[in-house]
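A.B. asks: What follows is a structure written as structure tokens; I'll ask about it next.
Quick note: the coordinates plus some simple rules give every number you see, no bench work behind them. Computed from a predicted model, the values in this text were never measured in an experiment. So basically every Cβ, Gly included, is an ideal-geometry build from the backbone, and we count neighbours across all protein chains shown.
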Ligand SMILES: [Zn+2]
């Protein structure tokens, strides 16, 4: 790590007293809390170590070769693993058999495959996966950095975890199928084959079913008071399960977002504001108040409150935020 930290691309913000890299029981190295970290803390904000325009294997190698030597060395310290489908895609893109690709380039590609979420990060890429993550990561376009926030209180010594596979409303087999490309079997508490693990899995099954029901109803059953009432009940139920299962990232915010939208459809604006405020709270601790999505959510709530106070129609930016379609929704007066 004794490298030239004055280079702009390595302008990483993190409290060295807060986290450290150590051997993990999950796999290889991991990132651990050195002190108690309260919910909402930004434990890390870092620019990409390797930023790739496009996902072609040639783009990855080109991006690596354009790095200063010090950063190439940092990159090469990361763990590499390329699954067979990744290798086959790389062969097509490099127009060479995997074994014919120069060894250094194979390593560069394998490190990208094992560590990239969009780009590759020096410290963020060392955070291991859990299906019940305690950290939420997001790109902050204002800071031009990836941020990592604690979604709950984390105690000193605890390993930091993120989800590698996006949405948390999935069953164990779906999660494992998505994780196979990283070449490991998930052993997090949600994937644990114990009574407790199986109970958690039942809740995931329930979440998946509710998620699918909501998507189906939005697609075919929309437009009636009955469907909005049902949608609101499903969104509330999903939020309750997510909270009880410790799934506190933006999927929870999405459930609150859905609940707010159905309340607006039902003309229950004051209730919609309460759900919108819950969503904003999730955005606050997952993203931080300097994230554009948090600022947008804050602005939307202000407009919602103004519409209620003045018995005015909803502003177009509010109806867009909630994905309303059709003139009847746009013109509804908020009381
Ligand atoms: Zn798991």
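A.B. asks: In nanometres, what is the gap between the two model label sites at residue 103 and residue 21, each 7 Å from Cα along Cα-to-Cβ?
C.D. replies: My value for the distance between the label points is 2.2 nm.
A.B. asks: Right, another one. Taking the Cβ-Cβ separation of residue 171 and residue 76 as r and a Förster radius of 35 Å, what is the calculated FRET efficiency to the nearest 0.05?
C.D. replies: The pair residue 171/residue 76 has a calculated efficiency of 0.45.
A.B. asks: A further question on this structure: Using only alpha carbon pairs under 8 Å that are at least six residues apart, calculate the relative contact order of region 49-170 and give it in whole percent.
C.D. replies: Working: 146 pairs, mean separation 29.2, N = 122.
With pairs under 8 Å counted, the relative contact order is 24 percent.
A.B. asks: Arrange the following residues from fewest to most other Cβ atoms within 10 Å of their Cβ: 79, 129, 257.
C.D. replies: So the ranking, lowest neighbour count to highest, is 79, 129, 257.
A.B. asks: Here's something else I'd like to know. Cα centroid distance between region 257-320 and region 66-81, in Å?
C.D. replies: Measuring centre to centre over Cα atoms gives 43 Å.
A.B. asks: Shifting gears a bit: Once the piece of chain linking residue 116 and residue 83 is laid out straight, how much longer is it, given 0.36 nm per residue of separation minus the C-alpha distance between them?
C.D. replies: Taking residue 116 through residue 83 to full extension adds about 10.5 nm, to one decimal.
A.B. asks: Figure the gain on full extension for residue 217 and residue 289 (residue separation times 0.36 nm, minus the Cα-Cα span) and round it to one decimal in nm.
C.D. replies: Details: separation 72, 0.36 × 72 = 25.92 nm, distance 3.32 nm.
Using 0.36 nm per residue and subtracting the Cα-Cα distance, I get 22.6 nm.
A.B. asks: A further question follows. Multiplying the sequence separation of residue 144 and residue 229 by 0.36 nm and subtracting their Cα-Cα distance, what value in nm do you get?
C.D. replies: 26.6 nm
A.B. asks: Could you order peptides 279-287, 310-318, 95-103 by the average number of other Cβ atoms within 10 Å of their residues, highest first?
C.D. replies: Numbers: 279-287: 22.0, 310-318: 15.0, 95-103: 11.9.
The peptides rank, most packed first, as 279-287, 310-318, 95-103.
A.B. asks: Shifting gears a bit: May I ask for the Rg/Rh ratio of the chain, computed from Cα atoms with Rh as the Kirkwood radius, given to two decimals?
C.D. replies: Details: Rg = 22.2 Å, Rh = 21.9 Å.
Computed over Cα atoms, the ratio is 1.01.
A.B. asks: Debye sum, Cα scatterers, region 172-243, no solvent: what log₁₀ I/I(0) at q = 0.12, 0.23 1/Å?
C.D. replies: Ignoring solvent entirely, the Cα scatterers give -0.44, -0.98.
A.B. asks: For labels at residue 296 and residue 29 in the simple 7 Å Cα→Cβ model, what's the distance in nm?
C.D. replies: 3.5 nm
A.B. asks: With each label point set 7 Å from Cα along the Cα-Cβ vector, what nm distance links residue 244 and residue 36?
C.D. replies: Taking the simple label geometry, residue 244 and residue 36 are separated by 2.8 nm.
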